[in-house]
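The values are calculated or read from the model by the stated rules, or taken from the named source; none is laboratory data. As the structure is a computational prediction, the values presented were derived from the model and not from experiment. In this analysis, Cβ positions are derived from the backbone assuming ideal geometry, glycine residues included, and neighbour counts consider all displayed protein chains.
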Amino acid sequence: MAYEALDFYDIDSLLTEEERMVRDMVRDWVEDRVLPNIEDACRDGVFPDEWRVEIGEMGILGAPLEGYGCPGLSYIAYGLICQELERGDSGVRSFASVQGSLAMYPIWDFGSEEQKEKYLPGMAKGELVGCFGLTEPDYGSNPGDMITRAEDKGDHFLLNGAKMWITNGTIADLAVVWAKLEGEIRGFIVEKGDQGFSAPEMKGKHSLKASVTSELVFQDCKIPKDRILPDVKGLRGPFSCLNNARYGISWGAVGAAQSCFNSAREYALSRIQFGHPIASFQLVQNKLSWMLREITKGQLLAYHIGKKKGDGSWIPEQISLAKMNNVDMALEIARMSRDIHGANGILDEYPVMRHMANLESVKTYEGTHDIHNLIIGRHITGIQSFTREP
Amino acid sequence: MGVAVLLKQVPDTTAKISISGDRVDEASITKWSISPYDEYALENAIKLKESGFGDVVAITCGPSRSAKCLTEAAAVGADRLIHIISESPLDSIQVQSLLSAAVKESGCEVVMCGKQAADTNSGSTGPGLATTLGFSCVGGVTEVSIEGGNASATRLGPSGLEQVEVAVPCVFTFDKGDSELRRPNVRGIMMAKKKPVDVFSAEDLGVDVGDSMVEIKSHSSPPEKKPGQKFVGSDSIPEVVSKLREEANVI
Ligand SMILES: Cc1cc2nc3c(=O)[nH]c(=O)nc-3n(C[C@H](O)[C@H](O)[C@H](O)COP(=O)(O)OP(=O)(O)OC[C@H]3O[C@@H](n4cnc5c(N)ncnc54)[C@H](O)[C@@H]3O)c2cc1C
């Protein structure tokens, strides 16, 4: 049966023709290229290189960025791209989020003219892959206390430390790495092959299996002086990247939820128990109705914050709400959909268990669910509760 | 020189079609697309352009919603877009006279379209157009290449692939081949938005379509398929065999 994305409140009618065409292009690609191959990719634990090439050919990387070969699409179009990619698999969306929002964006916003010209056109085409190194083994939710250090050695910087859980790390041609220089967080561009830099892959994931996750290790890693991002200091650098990626995730989660809803609805209509389709039982209808309700609310959140991203009237707390709410509802819907599928729900014939496992990562990365609660809590009360230190 | 590609907007093959008051309820169709056979024609036209053979002129005849076909064609490489606006339904001859006039206006001597439209399946547009324009017509092709004034077309014959040589001007109607219409990319989509569409009415083209010679009396849904039968266990083999032999006539 052809895929019909749930759109109860007709968000479609709010889109421009261009946004719709971009959405349909990505949807078509996912249907054609991702869905038939995703289970193999997960089983092998790889992000197929042809996906990188084809995503690059579609020209969707760094969607809302303008100039330097970047697409210059609306934030709504960027959201729709994330939605469609994640309807396929969160790992595919992760690839695009990291490349566009976490690696291209800081170069685009905080980089020098030379850095922009050197990296962005190739990254927009998918010919150069980027990653984003913020998290460390001992500093996740609290990146401000990171250990990784840069030292100014006159004609070069010397980096020491380690990053962990870095999406695209092993396949990346360049890493945007956040490290402390004289006690202050700065962004550095480290290239594959730089002396003292390695990016071993982390294995054994039960989630985001089709996404590459790596460590980044810097042992007296020597990089030229022109690899520092000149225009940003402090946590504002990484956090502004995260705001863009989190925004994309709020749409991506809708895509995963739509996929799970769709599968649950189809399954419930065709599965007969006690002589009737299970969709005819009130308890099952209640579940489907709840899914529709949550997805519809999530779509409206994502669309509205997308408009605000576009006109610049947003605050980070609003993005926190959208990321937190939408991932939360998507994960709950994935679990409920798995339940509706009964035993079949655990099979790779259906997408639901894969989405469910993926969304566990999505709940944690880009600010855990509770970190977003704390961000919103601080907004409500004016009292920060991240740390007991004043 | 260039290639004119005729594109018809039809309900998407995945759209649900419902009947209301003896007519297909167009308002309930949520997705309209370029007719699939036309897409093969468009892909071939773009390939010809890439091999150095003039521009691709995409032409559609239909209500304002069908402008979407043209934007989609522009996104994958069509150079000029022509929309013959007709809000009310036309019969095949009327459509052909309008399309012929648009092809003449474009100056193209090679015309490509689907062998039939996915909604009406009548298959008359290509041959009808060729007759009106006085062009040759090769039907059911899967690939066309052009060298000088001569075209070479491949089509599925009764016992294998047939290679047909034909002089331009010519109309080619396309069957399903190996070359699916390429996916657009963001750059194509953004350029498509800016591409002007030449909008013509019948009067603009100097065509008097006259009265329709065909009247559709009613539409109805095809009969529902009979449900399948299920047989379980080896005991049912004789019954299955006898049914296959006597009811299904397959052995
Ligand atoms: C698949 C995957 C890909 C990733 N990709 C990247 C990447 O590309 N780049 C990158 O830099 N990072 C990446 N990450 C890391 C991710 O951002 C971190 O995992 C995340 O920030 C959480 O950090 P942590 O895992 O150390 O958990 P912790 O910070 O140790 O949190 C553990 C638990 O404690 C809770 N907690 C922590 N502090 C508080 C508090 N003050 N109050 C209440 N509760 C609290 C959290 O909510 C959570 O429930 C990735 C992670 C995964 C799983």
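For region A:137-160, the criterion of being at negative phi, within 12 Å of the ligand (Cβ to nearest atom) and in contact with a Cys (Cβ under 9 Å, 6 or more places away or on another chain) is satisfied by no residue at all. Taking (1) crowded, with 24+ Cβ neighbours inside 10 Å; (2) in a helix (DSSP H, G or I); (3) within 15 Å of the ligand (Cβ to nearest atom) in turn, A:Ile166 satisfies each apart from (2). Sort out which residues of region B:51-99 are closer than 17 Å to B:Val144 by Cβ and in contact with a Gly (Cβ under 6 Å, 6 or more places away or on another chain), and write them in order of number. Correct list: B:Gly54, B:Asp55, B:Val57. The residues in region A:134-163 that are surrounded by fewer than 24 Cβ atoms within 10 Å (Cβ to Cβ) and not in a strand (DSSP E or B) can be counted, and the count is 15. Taking the criterion of being of a type in the set (D, E, K, R) and surrounded by 19 or more Cβ atoms within 10 Å (Cβ to Cβ), the residues of region A:351-386 that qualify are A:Arg354, A:Lys363, A:Glu366. Output the residues belonging to region B:83-101 that are more than 16 Å from the chain's Cα centre (by Cα) and either of a type in the set (Asp, Glu) or closer than 21 Å to B:Tyr40 by Cα (or both). Once the filter is applied, which keeps residues that are more than 16 Å from the chain's Cα centre (by Cα) and either of a type in the set (Asp, Glu) or closer than 21 Å to B:Tyr40 by Cα (or both), region B:83-101 yields only B:Glu87.
The helices (runs of 4 or more DSSP H) located wholly in region A:1-84 that include 3 or more residues which are farther than 30 Å from A:Pro200 by Cβ, within 11 Å of chain B (Cβ to nearest Cβ) and not charged (D, E, K, R) occupy A:17-29. Does A:Ser94 qualify as being hydroxyl-bearing (Ser, Thr, Tyr) and in contact with a Ser or Thr (Cβ under 6 Å, 6 or more places away or on another chain)? Yes: the conditions hold for A:Ser94.
When A:Asp311, A:Asp348, A:Asp339, A:Asp328 are checked against the criterion of being within 16 Å of the ligand (Cβ to nearest atom), surrounded by fewer than 20 Cβ atoms within 10 Å (Cβ to Cβ) and on the phi < 0 side of the Ramachandran plot, a single residue qualifies: A:Asp328. When region A:360-390 is limited to residues that are of a type in the set (D, E, K, R) and within 10 Å of the ligand (Cβ to nearest atom), the one that is nearest to the chain's Cα centre (by Cα) turns out to be A:Glu366.
Go through region A:221-276 and give me each residue that's free of Cβ contacts under 8 Å to residues at least 40 places away in the same chain and part of a loop (DSSP other than H, G, I, E, B). Hits for region A:221-276 are A:Phe274, A:Gly275. For region B:223-243, does any single residue satisfy the condition of being outside any helix (DSSP H, G or I), free of Cβ contacts under 8 Å to residues at least 60 places away in the same chain, more than 30 Å from B:Asp25 (Cα to Cα) and within 14 Å of chain A (Cβ to nearest Cβ)? Yes, region B:223-243 contains a residue that is outside any helix (DSSP H, G or I), free of Cβ contacts under 8 Å to residues at least 60 places away in the same chain, more than 30 Å from B:Asp25 (Cα to Cα) and within 14 Å of chain A (Cβ to nearest Cβ). If you go through region A:29-82 and pick out every residue that is among the basic types (Lys, Arg) and without any contact (Cβ under 8 Å) to a residue 24 or more places away in the chain, you end up with 1.
For the condition modelled with pLDDT under 90, over 25 Å from B:Ala117 (Cβ atoms) and surrounded by fewer than 21 Cβ atoms within 10 Å (Cβ to Cβ), B:Ser152 does not qualify. Here A:Ala257 fits the description: crowded, with 19+ Cβ neighbours inside 10 Å and either away from the ligand (no atom under 16 Å from the Cβ) or under 15 Å from A:Ala330 (Cα atoms) (or both).
Restricting attention to region B:178-208, the residues that are in a loop (DSSP other than H, G, I, E, B) and surrounded by fewer than 18 Cβ atoms within 10 Å (Cβ to Cβ) add up to 11. Scanning region B:155-177 for residues that are exposed (fewer than 14 other Cβ atoms within 10 Å of the Cβ) and either in a loop (DSSP other than H, G, I, E, B) or aromatic (Phe, Trp, Tyr) (or both) yields B:Pro158, B:Ser159. In region A:89-106, the condition of being more than 14 Å from the chain's Cα centre (by Cα) and either away from every other protein chain (no Cβ under 14 Å) or of a type in the set (S, T, N, Q) (or both) is met by at least one residue. Say we look at region B:174-195 and pick out the residues that are farther than 17 Å from A:Val53 by Cβ and touching a Leu at 6+ places or on another chain (Cβ under 7 Å); which of these is nearest to the other protein chains (Cβ to nearest Cβ)? Filtering region B:174-195 for residues that are farther than 17 Å from A:Val53 by Cβ and touching a Leu at 6+ places or on another chain (Cβ under 7 Å), the one nearest to the other protein chains (Cβ to nearest Cβ) comes out as B:Leu181. Screening A:Ala124 against (1) within 15 Å of the ligand (Cβ to nearest atom); (2) touching a Gly at 6+ places or on another chain (Cβ under 6 Å); (3) among the aliphatic types (A, V, I, L, M); (4) touching a residue at least 40 places away in the same chain (Cβ under 8 Å) leaves a single unmet condition, (1). Note on region A:169-196: among residues that are assigned to a strand (DSSP E or B) and away from the ligand (no atom under 16 Å from the Cβ), the one that is nearest to the other protein chains (Cβ to nearest Cβ) is A:Glu191.
When A:Val129, A:Val98, A:Val92 are checked against the criterion of being within 11 Å of the ligand (Cβ to nearest atom) and of a type in the set (Val, Ile, Thr), a single residue qualifies: A:Val98. Residue count for region B:77-100 under the criterion of being in contact with an Asp or Glu (Cβ under 8 Å, 6 or more places away or on another chain) and either within 13 Å of another protein chain (Cβ to nearest Cβ) or within 19 Å of B:Ser124 (Cα to Cα) (or both): the result is 0. Out of contact with any Leu (no Cβ under 9 Å at 6 or more places or on another chain) and away from the ligand (no atom under 12 Å from the Cβ), is that true of A:Glu84? Considered against the rule, which asks whether it is out of contact with any Leu (no Cβ under 9 Å at 6 or more places or on another chain) and away from the ligand (no atom under 12 Å from the Cβ), A:Glu84 comes out as yes.
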